[in-house]
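Written below as structure tokens is the structure these notes are about.
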Amino acid sequence: MPDAIHSYEPRAGHGLPHDPFNAIVGPRPIGWISSRAGNGNLNLAPYSFFNAFNYIPPIVGFASVGRKDSVRNIGETGEFVWNLVTRPLAEAMNQTCAAVPPEVSEFGLAGLTPVPSDLIAVPRVGESPVSFECRRTQIIELQGADGSRVGTWLVLGEVVKVHIAKALLKDGVYDTAAAGHVLRGGGPADYFSIGPNQLFRMRRPA
């Protein structure tokens, strides 16, 4: 049934009002990354391409389309913090998208509190209930299948300390639904939140 399937080659364009790739690979966790430049300037920015990649040691990563302040800062200092975006923090997170000069701290722009980390020199977002202190492991410029550089940098970091609000630990188990995670969707302004209604359980086969 060819009429029931829309197919396209990305290099030739998708032929739709909005690129569906981001909507299909989603919703995705938001990489709300705080970093510090070598000169001390603070930066806080959300990244749509973010996820976890390893258990032991725990490694997280985000991709920056263009070598933005976060990538430059982490290249200089080797440190960053991932901060969880929850529904009450969605508007503040959106404020940190603003295109401002490197010397302007998005913490102040969004009315957020920089709280000192324990093991690294980059502060975490005080209002966020979960934060990961990270040390850079790799910064990789992505390439196409033909080997051409695409101008996007993947930043990977080992999580060296985790901070979790105790209210989100129920009998010692992190309660994802109660945290109210905000996830990035695919439309121009689409975000999602999750709660108990989205929860179902499956046990792996023995």
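The values are calculated or read from the model by the stated rules, or taken from the named source; none is laboratory data. Just so you know, these numbers come straight off a predicted model, no measurement behind them. Reconstructed Cβ throughout: ideal geometry from the backbone, glycine too, with neighbour counts over all protein chains shown.
Here are some notes:
- Sole exception among (1) over 24 Å from Phe192 (Cα atoms); (2) in contact with a Phe, Trp or Tyr (Cβ under 7 Å, 6 or more places away or on another chain); (3) in a strand (DSSP E or B) for Asn43, by number: (2)
- Elements of type strands (runs of 3 or more DSSP E) in the stretch 55-156, at least 1 residues being out of contact with any Asp or Glu (no Cβ under 9 Å at 6 or more places or on another chain), surrounded by 12 or more Cβ atoms within 10 Å (Cβ to Cβ) and in contact (Cβ under 8 Å) with a residue 60 or more places away in the chain: 59-65, 130-143
- Top-ranked residue in the stretch 1-20 [being under 19 Å from Ser48 (Cβ atoms) and in contact with a His (Cβ under 8 Å, 6 or more places away or on another chain); ranked as surrounded by the most Cβ atoms within 10 Å (Cβ to Cβ)]: Pro20
- Answer residue from the stretch 19-39, given it is of a type outside the set (Asp, Glu), over 20 Å from Cys97 (Cα atoms) and in a loop (DSSP other than H, G, I, E, B) and is nearest to the chain's Cα centre (by Cα) among those: Val25
- Breaking point among (1) part of a strand (DSSP E or B); (2) touching a Leu at 6+ places or on another chain (Cβ under 7 Å), for Ala177: (1)
- Answer residue from the stretch 176-196, given it is among the aliphatic types (A, V, I, L, M) and over 21 Å from Val115 (Cα atoms) and is surrounded by the most Cβ atoms within 10 Å (Cβ to Cβ) among those: Val182
- Val173 aliphatic (A, V, I, L, M), modelled with pLDDT of 95 or more, surrounded by 13 or more Cβ atoms within 10 Å (Cβ to Cβ) and out of contact with any Ser or Thr (no Cβ under 6 Å at 6 or more places or on another chain): no
- Of all residues in the stretch 157-170 being outside any strand (DSSP E or B) and out of contact with any Pro (no Cβ under 7 Å at 6 or more places or on another chain), the one that is surrounded by the most Cβ atoms within 10 Å (Cβ to Cβ): Ala167
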